[in-house]
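Worksheet for the structure shown next.
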Amino acid sequence: MSIAFYLIAALTLAGGLAAVLLKNTVHCALALTVAFAGQALLFLDLDAQFAGFAQILVYIGAVAILVVFAILLTKGSETPKGSVYSRHSFAGLVIAAAVFAMLGWAVIHSVAAVPRGPAATPSVTVLDIGNALMSRYVLPLEIVALLLTAALIGAVIIAMHEKERAK
Amino acid sequence: MLGEGLLKGLAETARNFVGSFVSKERLTTVQYPEQRIAPIEATRDFPFLVYDGGDWQAGMRCVACQICEKECPPKCIYIVKSTDKKPDYVGKPQFYPARFDIDISVCMSCQICVEVCPFEAIKMDTEFELSTTDRFGGLLFDRERLAKSDEYYHRIHPTEATAVDARLAEGKAKAEIKTTTAAIASAVKGAEIPARPAGDGD
Amino acid sequence: MTERLDQIFVLLEQWLVGFLPGAWRPAAGVVLSVVTIICLFPALFALTTVFERKGLARIQNRIGPNRVGWLGILQPVADGIKSLTKEDIVPLSADAAVHFLAPLLLVVAVFMGFAVLPMGRNMVLVDVDAGLLFFFAIGASTELSVFMAGWSSRNKYSLLGAMRAVAQMISYEVPLLMSSVAVVMITGSLSLTKIVAAQNHYTWGLPHWYIFTPWGLAGFLMYAIAATAETNRSPFDLPEGESELVAGYHTEYSGFKFALFFLGEYLAMFSISGLGTTLFLGGWSAPLQVLGWVPSWIWFFSKLMLSIFVFIWLRGTLPRLRQDQLMNFAWKFVLPLTLLNLLVAAAWRFLGDGWERWVVCSAVLLMAYVGMGWSGMRRGHFGPRRYRYAE
Amino acid sequence: MTLGAFIQEKNKPEGWNRPLAMKPDGDGELLEVAMGPHHPSTHGVFRMDVSLDGERVIRLKPVFGYLHRNHEKLAEGMSYLGSMPFTDRLDYICSLTNNWAYALAVEELTGQAVPERAEYLRVILGELTRIVNHASSIGFLIQEMGASGTPLMYAFKARENVLDLFEALTGARMMCNYMRFGGCRVDASPAWLEDTRKVVAGLPQFVDEFERLLTGNEILMARCQGIGILKPELAVNAGVTGPMLRASGVNYDIRKVDGYGIYNRFPFRVPLGEHWDVYDRFMIRLLEIRESIKILEQALKEIPTGTVMDSKAKIRGFRPKPGEAYGRIEAPKGELGFYLISDGGPNPYRYRVRPPSLINLTILEDMSLGQNVADVVLIFGSVDIVLGEVDR
C-alpha cells in the first residue's frame, strides 16, 4: 500500500461521491468519468495493464460518452432548480450499505484476494490473457460475443422500425 | 472506379505544388513594399487639379464652374468660387476656386468629374499610398494638396495627356483666331480696345 | 560512429543522468524523456504550422508566410505571442470550470500517446507490453474533452460541432482499431517495439514492411482514412466545418485556450501518424538495407513528416463530406473492408510462403474494393454525367 | 429563468414563429439557428433563420437588407450619368455587365445608336466578366464544401489576368464605370487587344485544370448530386433566370432570345441541366465558360476599327423625351434589367433594377426544405448571389 494507492483511492472516491451529489447531470457524468479513471489507475497500480487499459478504452472512451449522449438526447443537461435528492434517500442508503457489506464480506473471506506474505506480483501478460480467452474461457467468450451481436442486431432493428414509422 | 477522381485531383494539386517552385509565372504574388508591379497607364484612383507653369495658384486650370461639384455622384467635391478673376490659359479672365475640397474618404474614384470637366482641369491620380492616422482632416484634400503640375500629369498618363494637350492647343488656336479677328475688328473700329496678350497661361 | 549517432539521445540521457545519485537515476531518466517529448513535439507543431501554411500556399500558387524571420520560419513565434496576448473570452452563460478544463485535458491526453511510440532504436519512453492498447485507450479519452468543450460553451454551433466530432471519432475508432488488429495478428504482439522489430529485416536489400503486402497496403489505406477522420482533418473536418458550424466545438474559445486546441489537434496528428509509421511503415527502420547507417530516429521523423505532408496535400485538394455520408462511409465501406482485411491477413498467415498467397490476397482485396466502390456509388446515386446543349 | 435562457428568449429572431413549411418527423424539439449575418458562408451580410429538426431543415427564412444603400431612390435624384458608377456597386464582381444593362436602358430611352466597335468591345468585356464570375462562383461553392480555397485560388488567378485587362482599359479593376450611353468611354488600343488575345488563349488551359481538379471528384459528386433540386416549373414561375434556370433544363438565354447588342452574330451553344441539382448548376457554369471563350475568340478576330463613341452622343445634360424603357441583358447571374421612366427631366423619374441575385434567391426555401444544414450552405452557394445586388 503506497502513497499512490491512497491518492488514487481518494480520487476514485471523490469522483464517485461527486457523481452522486452534484446537481447538474453532465457534471455528474464527468465526475463518474473521474471515478472510472481512478479505477483504471488502480488496475495499473496493480500491474494489471490489460485490465487498466481496457478500463480506459471501454469506460472512458465508450461508456462515459454513451452516458453523456444519453443525457443530452433526453435533455437532462439543464441544472434542475429544486433539490435533486430523492425523498426515499434513507431506503437507498440502507440498500447501498447492504450491498457494500455483502461485497466487503465476500472480499475479506476470499482466499485469493488478500495476498499473504510479500506480494508476489503475478506477471500476467497480454499473451497469457489471450491464450486463456481462446482456450479455457472460449465458451464464455463466445457466449458474450453472441449476446453482444444479438444486442447489436436488436438495436439496428429498433432503429429501423423508428425510421419506418417516421415515414 | 471509386477514388479515380480524387487521385486525378491530387495529381493536379501536386502539379501545381511542384510548378509553383519551377515556373515563375505560376506565382503571381508581388512582394508589395519591396517589389511593385509596373504602373498601368490607365489606372485611376483619386482626382487632382492640374496647373500649368510653376505656380500652382496662378496656373490652376480650374475656373470654378462647379460642373464637377454638381455631377459628382457621391457629392464629395466642395467648391467656393472666387470673387475676383484671373486669366486662364487662353487669356480669358476667369474665376478660380477660392476653395476646392475633395473628401477622399467619400470619393469613389469614378472619374465622372474628369469626364464632365470642360477645362481639362481635373484629372485622375495614380497615387494610392494615402493611408493616414488622421481619419477626417487627413482625408479631406484641399486646393493646395490637390494641385499637381502638368508635368506630373504627363508623367503618369502620357497618352491621355498628349491628347489633352492637342485639344487644348486646338482650343487656344481657336481662341487666338477669335482674339486676332476681334483685334482686327477693333483695329478697324479704331483700336479702342487693346488686344490682350495671348498665351500667358502655359 | 554511426552506432553512436544512432544512439545519441540515449547516450546523452545516460550521461546526464549519470550526474545524479544511483537511486534517483530511473526517475530522472523518465523525467528527462518526458521533458524532451513535451519540448520536441510542440516545436514540431510550430514548424508544421509554417510547413502547412507554406505547403497549402504552394498548392494554391501562393507564397505563404514569408515575413517573420527567414522564409517566415519565425511565424509560429509571432502567432504564439499573438495568442498569448489575446483576451481570453469565456461566454457569460458558459460552464466556466468545464470550459477551462477541456483544452487542458485534450492536450494532456494527446501527449500521453507519445509515451509508447518507438521513435528510434531503444528510443521509447515506456516499453509497455500492451502499447497499442494503451495508445487507443488514451486516444479514446480525447473524445470526452471535445465533448466538454462543446457542451460547456453553451453555443449551438459548439454543441453541434462537438456532437459531430464525438460521433465521428467513435465511428472511425472502430476501423482504426480493426486495421491495426491485422498487424497484431501477424506479429502476435501488442508491443510496438516488437512490431517494429518484426518489420526490421530485409530480403535483397528491401525491407519487410507490412505496407508491402496486400493486406498491409489495404490495412494502411484504411488506417490512413480512419486516422484522417480521427484527427478531424480534411476531408473529414466536419466538426469544425467553417461553412456550416463556424468553428465547431472551439467556436467560443479564444486566446491561449484556442491555441491549446490547435496544439492538441496537431499533436494528435503527429501521434497517429507515428503509430501508422510504426505499424505499417516499419517504424524507425531504414527503407533500404544500404541506408542502414543513417540514424534510426531520422527515419522515424522523416516518415512522420512525410505523412504530415500527405495530410496537407489532402487538405489542399479535397472538399469535405457530409455527416451522413461520413457515417455511411465509415460503417458501410471502411469497416467491412477492414473486417475482410482481417480475414485476408489470417489467410496470408496460413497460406504458406509461396507466390499463391500474393495472388489470392490481392485479388480478394481488389475485387472487394472495386465491387464495394461500385455499389457505394450506385447506392449514393452519384457518378459522372454528360450534358446536352440547346443550339 | 437562467441568464442563458433569458438571452436566448430575447434573441429569438423576428418571425421565428412563422408556421413551419414542413412537418418535423418526430416529436423532438426544433433548433432555431440564425445563420448569419456574420456566418462564414453567407457571402457577406445575409441571414438565414433556419429551423432544424435534427439536422434537417424544415423552415428557412432568408433575411436581407443589411446592405441596403437606397440605390434606386438615389438614382432618381441624380443625372443619368451619375448613376453609372453606382451600377458598378450592384454586383461588384461583374461591374461591366451592370454598366452594359444600364447603358442599354438609357440608349433605348434616348434612341442613341452604338458604334460597331463599341458593341464588340462590350461583348468582349461582358464575356470576360462572365468567365470571371462563373469561375469565382464555382470557387466559392467548393470553398463552402471545405476545400481550403484551392479551387478558389485557381479561379482568382485566372480572374487576376482578366482584372489586369480591365484595369489597363478602364482604369479600375472592379469598379470599371466604362460603358457610356452610345458607346464606351475610351477606345481599346491594339496592344490591349493583343494582351486580351493572349489571356483568352490561356483560358482553356485554366478550365481544363479546373475540370481535372473538380468534375470527377467523388466527394464533390456525392455532395452536390441530388440536392437542392429546383423543378423547371417552379423555376419559371419564380422568375429564376441565368445559369440557375438553365440548370433546371429550361432553354432560356437572353443572348439567344433577345439578341441584344450583336449577339446574334455569334454561334454558341447553351448547356442545359437534366437533374436540376447543385451539381448541374456547377457544371452548367463550367460549360458556359467554355462557350464564352468561343465567343471571345470570334469577337477578338472580328473586331472592326472605328470609334467607340458617337461624337454627337451626349453623356451629360441631356433630357430624354417622356417615356419608359427597359434594358436587359444576360448578366452572368441571370437577367439583369434596368427599368427607367423619363418625365423629360435630366433625372429619371423612376429607376428600377431587376436584380437576378435577389430573384434567384427567392426560391431558397423551396430548394432547401428537407435537406441537411450542410447542404443548405451548398444550395445557397449554388444560387450564386452578391449581396450588393440583392440589397441594392
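The values are calculated or read from the model by the stated rules, or taken from the named source; none is laboratory data. The structure displayed is predicted, hence computed values, not measured ones. No Cβ is skipped: glycine too gets one built from the backbone with ideal geometry, and neighbour counts run over all protein chains shown.
Odds and ends about this structure:
- Scanning region B:22-35 for residues that are aliphatic (A, V, I, L, M) and over 29 Å from residue D:186 (Cβ atoms), we see that the one that is farthest from the other protein chains (Cβ to nearest Cβ) is B:22.
- The set of residues in region B:125-176 that are among the β-branched types (Val, Ile, Thr) and part of a loop (DSSP other than H, G, I, E, B) comprises B:126, B:132, B:133.
- Within region D:249-286, considering residues that are away from chain C (no Cβ under 13 Å) and either over 28 Å from residue D:118 (Cβ atoms) or touching a strand residue (DSSP E or B) at 6+ places or on another chain (Cβ under 9 Å) (or both), the one surrounded by the fewest Cβ atoms within 10 Å (Cβ to Cβ): D:258
- Among the candidates D:204, D:267, D:190, residue that is under 27 Å from residue D:99 (Cα atoms) and modelled with pLDDT of 90 or more: D:204
- Any hit, region C:29-52, residues being in contact (Cβ under 8 Å) with a residue 40 or more places away in the chain and within 14 Å of chain D (Cβ to nearest Cβ): yes
- Unique residue being among the charged types (D, E, K, R) and surrounded by 15 or more Cβ atoms within 10 Å (Cβ to Cβ) when the list is B:25, B:34, B:41: B:41
- Flag for residue B:113 being within 14 Å of chain D (Cβ to nearest Cβ), in contact with a strand residue (DSSP E or B) (Cβ under 9 Å, 6 or more places away or on another chain) and either part of a loop (DSSP other than H, G, I, E, B) or surrounded by 15 or more Cβ atoms within 10 Å (Cβ to Cβ) (or both): yes
- Within region D:39-79, the set of residues being out of contact with any strand residue (DSSP E or B) (no Cβ under 6 Å at 6 or more places or on another chain), surrounded by 19 or more Cβ atoms within 10 Å (Cβ to Cβ) and without any contact (Cβ under 8 Å) to a residue 40 or more places away in the chain comprises D:39, D:53.
- Filtering B:58, B:38 for residues that are away from chain D (no Cβ under 13 Å), within 35 Å of the chain's Cα centre (by Cα), within 30 Å of residue B:154 (Cα to Cα) and not polar (S, T, N, Q) leaves a single hit, B:58.
- When residue C:205 is tested against the conditions (1) without any contact (Cβ under 8 Å) to a residue 60 or more places away in the chain; (2) at positive phi, the lone failure is (1).
- Residue in region C:136-158 that is within 12 Å of chain A (Cβ to nearest Cβ), under 22 Å from residue D:56 (Cβ atoms) and aliphatic (A, V, I, L, M) present: no
- So residue B:85, is it exposed (fewer than 15 other Cβ atoms within 10 Å of the Cβ), touching a Pro at 6+ places or on another chain (Cβ under 6 Å) and not hydroxyl-bearing (Ser, Thr, Tyr): yes
- Selection from region D:334-392 of residues that are part of a loop (DSSP other than H, G, I, E, B), in contact (Cβ under 8 Å) with a residue 60 or more places away in the chain and more than 14 Å from chain C (Cβ to nearest Cβ): D:346, D:347, D:355, D:362, D:363, D:369, D:384, D:385, D:386, D:392
- Going through (1) within 20 Å of the chain's Cα centre (by Cα); (2) buried (at least 23 other Cβ atoms within 10 Å of the Cβ) one by one, residue C:123 falls short only on (2).
- If only residues of region C:141-164 that are hydrophobic (A, V, I, L, M, F, W, C) and crowded, with 24+ Cβ neighbours inside 10 Å are counted, the one that is nearest to residue C:322 (Cα to Cα) is C:160.
- Within region D:224-248, the set of residues being surrounded by fewer than 19 Cβ atoms within 10 Å (Cβ to Cβ) and in contact (Cβ under 8 Å) with a residue 60 or more places away in the chain comprises D:229, D:234, D:238, D:239.
- For region D:216-231, the tally of residues that are within 14 Å of chain B (Cβ to nearest Cβ) and assigned to a loop (DSSP other than H, G, I, E, B) stands at 3.
- Picking from residues in region D:80-98 that are assigned to a loop (DSSP other than H, G, I, E, B) and surrounded by fewer than 24 Cβ atoms within 10 Å (Cβ to Cβ), the one that is nearest to the other protein chains (Cβ to nearest Cβ) is D:89.
- Qualifying helices (runs of 4 or more DSSP H) (wholly inside region A:1-73; at least 3 residues being more than 16 Å from the chain's Cα centre (by Cα) and within 18 Å of residue C:162 (Cβ to Cβ)): A:25-45, A:64-73
- Single residue of region D:319-333 satisfying the filter (crowded, with 17+ Cβ neighbours inside 10 Å and in a loop (DSSP other than H, G, I, E, B)) that is farthest from the chain's Cα centre (by Cα): D:320
- Region D:140-152, residues that are buried (at least 23 other Cβ atoms within 10 Å of the Cβ) and either part of a helix (DSSP H, G or I) or more than 9 Å from every other protein chain (Cβ to nearest Cβ) (or both): D:141, D:142, D:143, D:144, D:150, D:151
- Positions within region C:217-267 being part of a helix (DSSP H, G or I), among the small types (Gly, Ala, Ser), under 19 Å from residue C:53 (Cβ atoms) and under 17 Å from the mean Cα position of the chain (by Cα), in sequence order: C:264
- In the set (1) at pLDDT 85 or above; (2) within 26 Å of the chain's Cα centre (by Cα); (3) within 12 Å of chain B (Cβ to nearest Cβ), residue C:373 fails one condition alone, (1).
- Scanning region C:55-90 for residues that are facing another protein chain (nearest Cβ under 9 Å) and touching a residue at least 40 places away in the same chain (Cβ under 8 Å) yields C:55, C:56, C:59, C:60.
- Applying the set (1) touching a helix residue (DSSP H, G or I) at 6+ places or on another chain (Cβ under 7 Å); (2) within 14 Å of chain D (Cβ to nearest Cβ) to residue C:120 leaves exactly one unmet item: (2).
- Residue among A:73, A:66, A:21 that is surrounded by fewer than 15 Cβ atoms within 10 Å (Cβ to Cβ), modelled with pLDDT of 80 or more and within 20 Å of residue C:159 (Cα to Cα): A:66
- Any hit, region B:90-104, residues being within 11 Å of chain D (Cβ to nearest Cβ), charged (D, E, K, R), touching a helix residue (DSSP H, G or I) at 6+ places or on another chain (Cβ under 7 Å) and not in a loop (DSSP other than H, G, I, E, B): no
- Only one of B:53, B:9, B:19, B:5 that is in a loop (DSSP other than H, G, I, E, B) and either surrounded by fewer than 17 Cβ atoms within 10 Å (Cβ to Cβ) or within 8 Å of another protein chain (Cβ to nearest Cβ) (or both): B:53
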